[in-house]
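A short reminder: the numbers here are calculations on the coordinates, not readings from a lab. Predicted, not measured: the structure shown is a model, and the values here were computed from it. Neighbour counts run over all protein chains shown; Cβ positions are idealised from the backbone, glycine included.
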Amino acid sequence: MKGTYRMCDPAWGRALTEAQRLRDLARLRRVRDRIDREYAQPLNVEALARGANMSAGHLSRQFRLAYGESPYAYLMTRRIERAMALLRRGDLSVTEVCFMVGYSSLGTFSTRFTELAGMPPSAYQRRAAAATAGMPSCVAKQVTRPVRNQEALVTEPQLA
């Protein structure tokens, strides 16, 4: 009987809900870490969900709530970020970079790259070489990080 009273207590229900939320966040972090580690491997939402013991739909909804984008969009952004770093080096062709970051189609890679970076990979490679010359790689990475669909354009602060 002791357990029955506890289950009816609203505070116990909130604690249980909070514990579940924390477990879900931990699973989402593991999914995100796996994407960061294995971005060049063939990953799909179903495989990621199986690894987290979630359905694909639940994973996608929860991931979007936690990180602001779907697992697939996060994976594509990671791949393009890595491609940008490799293209900045200048010693690899666009085709080599395409396959190194996990794409199997140069056309798909170029399309996605252009969507995220605002220019085709070959143009980016030419510009990046000139723009980041002499810049430490950690600064170049931050300055050239892709912004999805140019959502967060930075404007100069207005002084009144």
Exercise. Stretch residue 130-residue 99 to full length: gain in nm at 0.36 nm per residue minus the Cα-Cα span?
Worked result: 8.7 nm
Problem set entry | Modelled FRET efficiency - R0 45 Å, residue 70 with residue 91, Cβ distances, 0.05 increments | 0.85
Exercise. For the range 10-125, with equal point scatterers placed on the C-alpha atoms only and solvent neglected, what are the log10 I(q)/I(0) values from the Debye formula at q = 0.14 1/Å, to two decimals?
Worked result: -0.63
Seminar exercise, completed: Along the range 17-30, Karplus-curve 3J(HN,Hα) (6.51, -1.76, 1.60; θ = phi - 60°) to the nearest Hz, with x for Gly and Pro, reads 4, 5, 4, 5, 4, 5, 5, 5, 5, 5, 5, 5, 4, 5
Seminar exercise, completed: A correct Karplus calculation of ³J(HN,Hα) over the range 43-56, with 6.51 cos²θ - 1.76 cosθ + 1.60, θ = phi - 60°, whole Hz and x for Gly and Pro, returns 10, 9, 4, 4, 5, 5, 5, 4, x, 9, 6, 9, 6, 4
Problem set entry | Karplus-derived 3J(HN,Hα), 6.51/-1.76/1.60, for each residue of the range 96-104, Hz, glycine and proline x | 4, 5, 3, 6, 5, 8, x, 8, 10
